[in-house]
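Below: the structure, in structure tokens.
What follows is calculated from the coordinates using simple rules that are stated; it is not laboratory data. All values reported here derive from a predicted model rather than from experimental measurement. Positions of Cβ are generated from backbone atoms using ideal geometry, with glycine treated the same way; all protein chains shown enter the neighbour counts.
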Amino acid sequence: MIEINQDDSGEVVIASKDRVALEKVRAIIEGLTQELKIGTIYPAKVVSLKDFGAFCEIAGTGQDGLVHVTEISEARGIRVEDYLQVGMEVEIKMVSADTQGRNRFSIKAARQERGQPQLGTLSGLPSTPGPAGGMGERRFQQSRPMGSGGPPRFGQGGPPPRNP
């Protein structure tokens, strides 16, 4: 049996006759209350993938954060799912945190600090950007008028010039 008491001071008291169980509970509580530090490398698990990156949870803490797509690999225009999958275990380096408690991490920086090669694709083949060279290029093309590389000009469907 384990008894856990917390008072108003924030102090947690754990009591048990079973020393092994006591140490396990202590490790769990310390993990849950651990304050993350910028520049520290943590073991983590990928919990979700988005177009802009992956959310990873630090092992044993319940704390998570974003690994932006630019912090996964040196390659440009990559698809996150070509490099990571949900449940995959990775090492991440904390690079920043904001006042709202959002944590930012980097797989690139963690691997570089450990002297490891950059993360490769899951297939071993180069990442293939989506149609039109990736999401940014596609959004750019969709924002332009049809059939042009820029705004309409005189003689190309734009309004006629004004005479003074």
Please list 3J(HN,Hα) in residue order for region 61-74, calculated via the Karplus relation 6.51 cos²θ - 1.76 cosθ + 1.60 where θ = phi - 60°; whole Hz, with x for glycine and proline. 10, x, 9, 9, x, 9, 9, 5, 3, 6, 9, 8, 8, 6
Other residues with Cβ under 12 Å from the Cβ of residue 64 give, with Lys and Arg +1 and Asp and Glu -1, a net charge of +2
Please list 45-56, 94-105 highest first by mean number of surrounding beta-carbon atoms within 10 Å per residue. 45-56, 94-105
Computed FRET value (nearest 0.05) for residue 85 with residue 52, which takes r as the C-beta separation and R₀ as 25 Å: 0.90
